[in-house]
Amino acid sequence: MSTGHMSAGDPGGLEELAARQEALVRAMTAGGPLPPGFDAAAVRAAADAILRKRAGEVARAWPALAACYGDRWRAAFTAWAAERPTRGSFRDSWDFARAHRDGLSPAVALELALRETRWDYDGTGEPRLRKAAFRRVPGGFAVQVRGRLRVFGKAARR
C-alpha cells in the first residue's frame, strides 16, 4: 500500500497519514474498527500479540492476581482488555481486579483492598498516594497515614 509522496510542504498528507496511523493503533490496541486498506488477518494477529504481551506485563506487575486465575489468566485478561487501551500494567491490573472483584481469591481481594487504602484512584485519573485512610478489608481493617499502612484483625496474620 502506497501512501504517496509526502513532504514538509504537504501538511494535509502528513495529517492524513497520522490519522490513518492512529486508526490502525486503535484497531490493534483498543478494539477500534479496521481502517480501510489493511489486511484484517495481519491486524488481528498483531492485536492478539499485543494483548498477550499486556497479559504478561500485568502478571509481572501483580503476580498474585494472575495466579488466582491459573490457566485461565491469559484468556480472562485478554477478553477484558480487547477493547480497552492500555494504561500501563499497574493501572491495567487494578482496573481488571476492580472489574472482577467478586471472582478474586481472598488473598488478592485483600491486596486490592490494601491498594485502595493506600492509593486514591477513581479508575480514570492517575493514582495518587493518600495522605490518610481507614478502610475495612477482608478479615479486619487497614489504616494508612502518610504512606505507612497497618492492618488489624485476621487480615494482619495472613
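Every number in this text was worked out from the coordinates using simple rules, so none of it is lab data. All figures in this text were calculated on a predicted structure; none of them were measured in a lab. Note that each Cβ is placed from the backbone with ideal geometry, even for glycine, and that neighbours are counted across all protein chains shown.
Summed over segment 25-44, residues that are surrounded by 12 or more Cβ atoms within 10 Å (Cβ to Cβ) and in a helix (DSSP H, G or I) total 7. The helices (runs of 4 or more DSSP H) falling completely within segment 52-158 that include 1 or more residues that are buried (at least 17 other Cβ atoms within 10 Å of the Cβ) and free of Cβ contacts under 8 Å to residues at least 24 places away in the same chain map to 63-69, 73-81, 106-118.
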